[in-house]
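The values are calculated or read from the model by the stated rules, or taken from the named source; none is laboratory data. Given the structure is predicted, the values throughout are model-derived calculations rather than measurements. Virtual Cβ from ideal backbone geometry, glycine too; neighbours counted across all protein chains shown. Protein only, heavy atoms only, side chains kept; ligands, DNA and RNA dropped before computing areas. Shrake-Rupley method; radii C 1.70, N 1.55, O 1.52, S 1.80 Å.
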Amino acid sequence: MIKCVSILGSTGSIGRQTLDIVDHLGLSVAALTAGTNVELMAQQCRKYRPRLAVMATKEAAQQLHQAIADLPTEVYWGEGGLCAAATIPQADCVITAVVGMVGLKPTLEAIRAGKRIGLANKETLVCAGELVMREAKECGAEIIPVDSEHSAIFQCLMGVKDKKKEVKRILLTCSGGPFYGMDKEQLSKVTKADALRHPNWKMGAKITIDCATLMNKGLEVIEAMRLYDLPLSQVDVLIHRQSIVHSLVEFIDGGVMAQLGAPDMRLPIQLAMTYPERQDCVVPKLDLTKCGALTFAEPDMDAFPCLALARECAEKGGNACAAMNGANEEAVALYLDDKIGFYDIYRLVSQAVREIPFKENPTLEEILEADRLARLSVRNNLS
């Protein structure tokens, strides 16, 4: 088990829950990073006494420096600070809980430093999965997924000797979000407040909107392909409203293995830090006699076209996934700022994917350029 962690995104939902597990396991903290929430970061620094604290902006870093001037904690800012936190020598494990493409470079740096990666930043594998997994193999770095679905698959595959020969397909479960069962006409009238009301999970705003559009599940399809080196044809999605079965693996002999648990992210977070061992966890234990019927259905990709778009980009490969992800991040930010409607997210993202010049085997620089151009496309096509 690891003894010391660095948490990228410590003030967000996953970051705060990671600190719950740090408390429970009695681990130490080498570095913490955040966006602009200076007040919470200062509180975390006083409690965990990290060697390094990083803020997204210079202004926020200056404010934090003043707030914790009596502590020995060094304060950095920006991408350079994130990379420093990801490679800090004292940390055995880096939990990447930042949202978006900002997590790509520090994750690569952590891999090159040979760290265990507790990966909660799905955009890293969506945009540059082949590059990231190749680096991890070459550097001997472990990547253990923190997303509940990918952690479930990871657990179902423990002990499998040859995924290529033994696995028929992966079945990613999906709650369906707050708008399950609605048609296009109904969805055209939904509000941001409606979209932010996830039925089962408490998450940050961006991922909650992605769950409402089902883009989140599309990103997870791509992530599963990269993590487990499987083609798109072997990764499917099932709507499972109860969020009890976190995902399943179907094997070639017809057997299906599933991982069940309460809808609480602290279980996969803890496993990423204790693997290959398991320890008692603060998560409420699942009582199968009280969770009711477990149901499954196919997703409606006509009413929720973002999922279909993600599968198209996954099939295309190259820089298409990076373009889609960058455009989606930009469009969701506009939606959260009340500048576009619900279906405008799909319109703007699909338009950006069509506009960005396709690169079949992109370099890291070309991946970052696809991301930049996709964001620009969304802003240019806003009206």
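A few points about this structure:
- Of the strands (runs of 3 or more DSSP E) lying entirely inside the stretch 1-117, the ones with 1 or more residues being open to solvent by 30 Å² or more (accessible area, probe 1.4 Å) are found at 28-33, 74-77.
- Annotation: of all residues in the stretch 144-191 being touching a residue at least 12 places away in the same chain (Cβ under 8 Å), over 26 Å from VAL94 (Cβ atoms) and among the polar types (S, T, N, Q), the one that is surrounded by the fewest Cβ atoms within 10 Å (Cβ to Cβ) is SER188.
- Any hit, the stretch 293-303, residues being out of contact with any helix residue (DSSP H, G or I) (no Cβ under 9 Å at 6 or more places or on another chain), hydroxyl-bearing (Ser, Thr, Tyr), without any contact (Cβ under 8 Å) to a residue 40 or more places away in the chain and open to solvent by 10 Å² or more (accessible area, probe 1.4 Å): no
- Between VAL160, VAL190, the distinction of being in contact with a Phe, Trp or Tyr (Cβ under 7 Å, 6 or more places away or on another chain), part of a loop (DSSP other than H, G, I, E, B) and more than 18 Å from ALA84 (Cα to Cα) belongs to VAL190 only.
- Positions within the stretch 254-287 being open to solvent by 30 Å² or more (accessible area, probe 1.4 Å) and among the hydroxyl-bearing types (Ser, Thr, Tyr), in sequence order: TYR275
- In this structure, LEU376 does satisfy being under 25 Å from GLY204 (Cα atoms), among the aliphatic types (A, V, I, L, M), open to solvent by 10 Å² or more (accessible area, probe 1.4 Å) and part of a helix (DSSP H, G or I).
- Positions within the stretch 218-246 being crowded, with 19+ Cβ neighbours inside 10 Å, in contact with a Leu (Cβ under 6 Å, 6 or more places away or on another chain) and closer than 21 Å to ALA303 by Cβ, in sequence order: GLY218, GLU220, VAL237
- Looking only at the stretch 54-72, residues that are of a type in the set (D, E, K, R) and either closer than 20 Å to CYS83 by Cα or under 30 Å from the mean Cα position of the chain (by Cα) (or both) come to 2 in all.
- Between GLU330, GLU369, GLU315, GLU360, the distinction of being touching a Leu at 6+ places or on another chain (Cβ under 7 Å) and either among the acidic types (Asp, Glu) or on the phi > 0 side of the Ramachandran plot (or both) belongs to GLU315 only.
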